[in-house]
1. Once Rh is set to the Kirkwood radius over Cα pairs, what Stokes-Einstein translational diffusion coefficient, in µm²/s, holds for the chain at a temperature of 4 °C and a viscosity of 1.567 mPa s?
2. Under a crude label model (7 Å from the Cα following the beta-carbon direction), how far is Glu234 from Lys221 in nanometres?
3. Multiplying the sequence separation of Ala184 and Lys37 by 0.36 nm and subtracting their Cα-Cα distance, what value in nm do you get?
4. Is there a pair in Lys37/Lys195; Lys81/Lys170; Lys82/Lys221; Lys195/Lys219; Lys37/Lys233; Lys37/Lys219 whose C-alpha atoms are over 32 Å apart, and which pairs would that be?
5. Calculated from DSSP H runs of 4 or more alone, at -39500 (n - 2.57) each and per residue, what is the 222 nm mean residue ellipticity of the chain, nearest 500?
6. Span-like helices, the chain: DSSP H, alpha-carbon axial extent 15 Å or more, mean Kyte-Doolittle 0.5 or greater, which ones?
7. Taking θ as phi - 60°, what are the ³J(HN,Hα) couplings along the range 143-160 by the Karplus curve (6.51, -1.76, 1.60), each to the nearest whole Hz, with x for Gly and Pro?
Amino acid sequence: MSSMADQLTLGVQLKDNASFANFYPAGNQEALQGLMKLARQSAPGFIFLWGGEGSGKSHLLQALCHEAGSAGGATVYLPLKKAADLSCEILSGLEAMSLVCLDDVGSIVGSAEWEEAIFHLYNRIQMQGGRLVVTAHAPPLSLGLCLADLASRLAHGLIYHLQCLDDEQKGYALQQRATFRGFALPEEVLSYLLKRSPRNMSTLFELFDRLDQASLAAKRKLTIPFVRSFLEKERQA
């Protein structure tokens, strides 16, 4: 299928650590439960997720693909921000997949060609009885889509607003990520890290991943001196 070949050129690859288990839901429990239910079902379904940067949209889409894929379904995750520079023909044939995840539909707003292509893909998936999940930074009717019919389609079905975590919840999320990897993150180290790291959750997780890898390579525990040294090297790099 040509669309799948195009995806390979995008370098689209699911993150191995993207799972429902290591997603800290806080006030997003309803959205998490809705996605977990969709992953288990074979019936048609459509979900629209929206929220600010770092609210976990991409993580949840990739976790959903992992979960649905482990049950034997054919899934595809497509970050539209990367795909927008390519032909919308990349969407051709995706209705044959059991689950299609389109990340960041806001990145194609204003492109008549892309808006129409997603509109027709939505209709084909509905006819095939497939599952579709779309994310954006705003609800469907506030995206500024030029194609009113697409906005109307996206406004139907389940819509979840993902809330960004506050500072305390970010700490809990990092503690959960550490526990998931089999080690405890000392409170003093967590506090030190949060005061000196980016506020965006996805960037914070990426920093934590690099820090974890560095500690494993050095065979050192995460202590304030180690974290301080690591952050200094990051700034100088």
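Every number in this text was worked out from the coordinates using simple rules, so none of it is lab data. Owing to the predicted nature of the structure, the values given are computational and were not obtained by experimental measurement. Positions of Cβ are generated from backbone atoms using ideal geometry, with glycine treated the same way; all protein chains shown enter the neighbour counts.
1. Estimated diffusion coefficient is 68 µm²/s.
2. For Glu234 paired with Lys221, the spin-label model returns 2.1 nm.
3. Full-extension gain reported as 49.9 nm.
4. Those over the limit are Lys37/Lys195; Lys82/Lys221; Lys37/Lys233; Lys37/Lys219.
5. Value at 222 nm, helices only, nearest 500: -15000 deg cm²/dmol.
6. none
7. Per-residue couplings from phi come out as 7, x, 4, 6, 8, 4, 5, 5, 4, 5, 4, 5, 7, 9, x, 7, 10, 10 Hz.
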